[in-house]
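> There's a structure below that I have some questions on.
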Amino acid sequence: MEFLRSTLARILRCGPLLWALFVIWLGILFFFSSSESPKDMPTLLPHQDKVIHFVFYAGGACALAGAFAQSYSLRGARMLALTVLVLSLAGALDEYNQQFVPGRKGMDPLDWAADVSGAACGVLLLMRLRRVVESQGF
């Protein structure tokens with residue numbers, strides 16, 4: 001457990017790594033947004049696509065908010081607002097792009113809502129992780 005905490009602390013303090021993770025996240029977003037939707041994807045949960053959007057954008061928000069915190073010393077409401085704004089725009093552009101991809105619908109307001117709410121929860125998760133790591137003295 002100690003190893004996990006110290007590794008997490010090092011990651012949260014490494015601005016260049018966090019920016020790299022966010023750029024990789026953007027690349028994955030663009031790749032999947034520009035690809036046809038798989039026809040034979042099994043449905044394991046109701047509204048599975050919304051859950052995927054939520055979790056994916058929460059991950060992107062963790063990386064971006066961490067990068068903002070390390071590079072610009074953003075904290076609290078400013079970090080939350082800026083990260084959610086950036087990822088809201090990314091989600092809107094993602095939905096716009098999808099309408100031009102064969103086999104994709106795009107412009108789904110519920111997908112965008114899942115993106116925005118996932119981004120907000122991702123920032124809150126990152127803020128909590130930072131507090132736990134800092135309180136442990138790492």
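> Within the range 76-111, how many residues turn out to be closer than 21 Å to residue 8 by Cβ and either among the polar types (S, T, N, Q) or at pLDDT below 95 (or both)?
The qualifying residues number 1.
> May I ask you to list the residues in the range 20-45 that are under 24 Å from residue 61 (Cα atoms) and not in a helix (DSSP H, G or I)?
Once the filter is applied, which keeps residues that are under 24 Å from residue 61 (Cα atoms) and not in a helix (DSSP H, G or I), the range 20-45 yields 34, 35, 37, 45.
> Within the range 65-83, does at least one residue satisfy the condition of being surrounded by 22 or more Cβ atoms within 10 Å (Cβ to Cβ), on the phi < 0 side of the Ramachandran plot and β-branched (Val, Ile, Thr)?
Yes, the range 65-83 contains a residue that is surrounded by 22 or more Cβ atoms within 10 Å (Cβ to Cβ), on the phi < 0 side of the Ramachandran plot and β-branched (Val, Ile, Thr).
> Considering (1) within 30 Å of residue 6 (Cα to Cα); (2) in a helix (DSSP H, G or I), say which one residue 137 fails and leave the rest.
(2) is the only condition that residue 137 fails.
The values are calculated or read from the model by the stated rules, or taken from the named source; none is laboratory data. The structure presented is a predicted model; accordingly, all values stated were derived computationally and were not measured. Virtual Cβ from ideal backbone geometry, glycine too; neighbours counted across all protein chains shown.
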